[in-house]
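Reviewing the structure listed below.
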Amino acid sequence: MLKKSDWKTLPPPKQVKTLPLHFPVSRKELELIKPGHFPETMDHKWFIYFEDNCLVMHRSWTGLQVYRAFYNEESEEFSELEVNRDAESYGISDDEYDKQNFIFVISVLFLNRKGAQPPAPPKASVEI
C-alpha cells in the first residue's frame, strides 16, 4: 500500500472546497483502490494513496494535491470530495467537472470501468 512519503508531494492546499459526492464503491472494490497508484511513466498523471479512510490524489509531475475523497464505510461510497481551489496552482473552479473527473480517474485506473473523460472546463489554466 502506497504512502504519502512514496512520492514528492506538496502540502495540502490552503484553499479547498468540500463537495457532496455519491460514488458507490463496494468494500471489495475498495480493496482494489487501497494499494494506490504509482506513476511509472510520464504518461501517468496521478500519484494516489489511501490513508485514514481518504483517497488522496496528487498530480505526478508537480506533487500538487488536487483531490481528497472521504470513504463512508456504512454507505459504501465516496461521499465527500475535497477539491483544491487555489486559483494559482490549480486554476479550475468547476465543481461538476471535478466530481466527474475524480470518478472517471478512479473508475478507469482501479475498477476497470470504461467511460469518457469529462471535457476540461473553459479557461482551465493547467493540463488535466
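The values are calculated or read from the model by the stated rules, or taken from the named source; none is laboratory data. Note that the structure is predicted; figures quoted are calculated from it, not measured. Every residue, glycine among them, receives a Cβ derived from its backbone with ideal geometry; neighbour counts consider all protein chains shown.
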Checklist entry - On the given criteria, is Glu82 among the charged types (D, E, K, R), over 14 Å from the mean Cα position of the chain (by Cα) and either within 19 Å of Glu31 (Cα to Cα) or assigned to a strand (DSSP E or B) (or both)? => result no
Item to check | Residues of region 21-66 satisfying the condition of being within 12 Å of the chain's Cα centre (by Cα), hydroxyl-bearing (Ser, Thr, Tyr) and assigned to a loop (DSSP other than H, G, I, E, B) | outcome: Ser60
Item to check | Which numbered condition Ala69 fails, given (1) surrounded by 16 or more Cβ atoms within 10 Å (Cβ to Cβ); (2) out of contact with any strand residue (DSSP E or B) (no Cβ under 6 Å at 6 or more places or on another chain) | outcome: (2)
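Check Asn84, Asn112 and return the single one that is surrounded by fewer than 15 Cβ atoms within 10 Å (Cβ to Cβ) and either polar (S, T, N, Q) or free of Cβ contacts under 8 Å to residues at least 60 places away in the same chain (or both).
Asn112
Do we find a residue being touching a strand residue (DSSP E or B) at 6+ places or on another chain (Cβ under 6 Å) and in a helix (DSSP H, G or I) anywhere in region 105-127?
Scanning region 105-127 turns up at least one residue that is touching a strand residue (DSSP E or B) at 6+ places or on another chain (Cβ under 6 Å) and in a helix (DSSP H, G or I).
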Checklist outcome for this item: Counting only residues in region 97-128 that are at pLDDT 95 or above and charged (D, E, K, R), the one farthest from Glu29 (Cα to Cα) is identified as Asp98
Item to check | Answer residue from region 87-106, given it is among the polar types (S, T, N, Q) and under 14 Å from Ala120 (Cβ atoms) and is surrounded by the most Cβ atoms within 10 Å (Cβ to Cβ) among those | outcome: Asn101
